[in-house]
Amino acid sequence: MDLPKYDLHCHSTASDGSLDPMDLIEKARQKKIKVLAITDHDTLKGVEPFLGKDLDGVQLIAGTELTCVWNKRMLHIIGLGMDVNSQKLQGYLDSLSELRTARARKIADQLMTMGLPDIFLAAKEKAGGGVIGRPHFAKVMLEQGLVTSEQQAFKKYLGIGKKGDVKMEWPSLEEAVSVIHGAGGVSILAHPTKYKMTFTKLRLVIRGFVDVGGKGIEVSYPGMTPDHHFQLLRIAKENDLMLSAGSDFHTPGNTWTDLGKYPPLKSNENHVLNALLQ
Ligand code: AMP
Ligand code: MN
Ligand code: MN
Ligand code: MN
């Protein structure tokens with residue numbers, strides 16, 4: 001079966017994206033995307049007000065990208081198609097929001113030990129009431145001339161292993177998967193090749209994900225090689241995981257990606273859209 005044009009991973013101003021949800025939906029319309037999941041980090045607030053509304057040809061799916069840990073590694077799990085009225089899910093997201101604010105304070109403190117000014121409030125303002133994350137710090141640093149690009153902010157201060165990469169007690173992989181399923185959603189391991197690990201390690205992660213009931217993996221997203229794509233398709237098949245794909249779009253300022261843009265899938269067998277559009 002031919003699938004409609006879709007994008008199952010993107011961000012709005014409710015987390016670290018730069019378009020508000022309405023503009024994202026409009027962009028999807030322009031790009032002839034028929035099925036769109038807005039998957040903000042640890043929140044449903046962006047997508048929630050538009051669910052069930054007539055969006056003139058765009059079918060909107062409730063999504064979120066949950067931050068969690070497995071064996072001390074931070075992972076991102078996409079949840080698709082949840083019931084947003086689930087009290088358990090909403091409570092879970094509320095505590096994540098508190099955790100993120102506490103983390104933001106710690107990030108600012110860490111940056112101050114490196115000689116930077118206190119940019120906590122500026123970062124909070126940048127998040128604009130949405131879920132706060134490291135990209136908001138990167139944007140403030142750029143604005144204040146503390147770095148020459150957001151990329152540099154990650155390289156020097158915020159990226160893996162840097163001082164601003166503050167470790168928190170994120171929920172476990174099992175908790176993330178279980179809260180998604182509890183709300184009737186499908187759990188998807190996001191961008192498997194972006195965790196800076198070997199395929200041997202990645203296979204262990206995927207085994208861990210399957211062991212806690214994980215349902216699918218992203219097999220296409222920007223920046224992946226054709227070889228990665230084939231390896232992920234094989235891993236999906238071996239583990240009976242559904243396929244998903246998306247652009248991870250954050251901002252029109254990024255030239256290397258756009259909404260709806262990711263390498264075409266070489267197979268649509270066991271695609272998550274078949275489950276979501278039933
Ligand atoms: P956080 O949610 O605070 O852990 O921040 C993670 C987000 O930061 C990711 O979703 C990306 O949007 C962004 N990010 C992570 N690494 C980089 C990087 N090296 N350069 C630019 N943005 C990044
Ligand atoms: Mn992000
Ligand atoms: Mn991610
Ligand atoms: Mn993302």
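General remarks:
- Residue within segment 43-61 that is in contact with an Asp or Glu (Cβ under 8 Å, 6 or more places away or on another chain), within 16 Å of ligand 4 (Cβ to nearest atom) and outside any helix (DSSP H, G or I) present: yes
- Pick from segment 43-94, criterion among the charged types (D, E, K, R) and surrounded by 14 or more Cβ atoms within 10 Å (Cβ to Cβ), ranking: nearest to the chain's Cα centre (by Cα): Glu65
- Scan of segment 151-178 for residues that are within 11 Å of ligand 1 (Cβ to nearest atom) and either of a type in the set (Val, Ile, Thr) or at positive phi (or both), ordered by number: Ile160, Val166
- Evaluating Ser18 against the criteria (1) surrounded by 15 or more Cβ atoms within 10 Å (Cβ to Cβ); (2) out of contact with any helix residue (DSSP H, G or I) (no Cβ under 7 Å at 6 or more places or on another chain); (3) not in a loop (DSSP other than H, G, I, E, B) leaves one unmet condition, (3).
- Hits in segment 21-35 - residues which are surrounded by 18 or more Cβ atoms within 10 Å (Cβ to Cβ) and closer than 29 Å to Arg103 by Cβ: Pro21, Leu24
- Residue in segment 227-248 that is touching a Gly at 6+ places or on another chain (Cβ under 7 Å), in contact (Cβ under 8 Å) with a residue 60 or more places away in the chain, among the small types (Gly, Ala, Ser) and part of a loop (DSSP other than H, G, I, E, B) present: yes
- Subset of segment 166-222 that is among the polar types (S, T, N, Q) and within 15 Å of the chain's Cα centre (by Cα) - its residue that is farthest from Ala102 (Cα to Cα): Ser220
- The one condition in (1) in a loop (DSSP other than H, G, I, E, B); (2) at pLDDT 95 or above that Gly129 fails to fulfil: (2)
- Qualifying residue in segment 200-216 (condition: touching a strand residue (DSSP E or B) at 6+ places or on another chain (Cβ under 8 Å), in a loop (DSSP other than H, G, I, E, B), within 16 Å of ligand 4 (Cβ to nearest atom) and closer than 27 Å to Ser15 by Cα): no
- Among the criteria (1) touching a Lys or Arg at 6+ places or on another chain (Cβ under 9 Å); (2) of a type outside the set (Ser, Thr, Tyr); (3) farther than 28 Å from Leu202 by Cα, the one His76 does not fulfil is (3).
- If you go through segment 179-199 and pick out every residue that is outside any helix (DSSP H, G or I) and within 16 Å of ligand 1 (Cβ to nearest atom), you end up with 7.
- Scanning segment 104-118 turns up no residue that is out of contact with any helix residue (DSSP H, G or I) (no Cβ under 8 Å at 6 or more places or on another chain), aliphatic (A, V, I, L, M) and within 16 Å of ligand 2 (Cβ to nearest atom).
- Condition check for Ile107: closer than 20 Å to Ala123 by Cβ, buried (at least 19 other Cβ atoms within 10 Å of the Cβ) and either at pLDDT 95 or above or within 12 Å of ligand 1 (Cβ to nearest atom) (or both): yes
The values are calculated or read from the model by the stated rules, or taken from the named source; none is laboratory data. Keep in mind that this is a model prediction, so the values were computed, not measured. Using ideal geometry, Cβ is built from the backbone for each residue, glycine included, and neighbour counts are taken over all protein chains shown.
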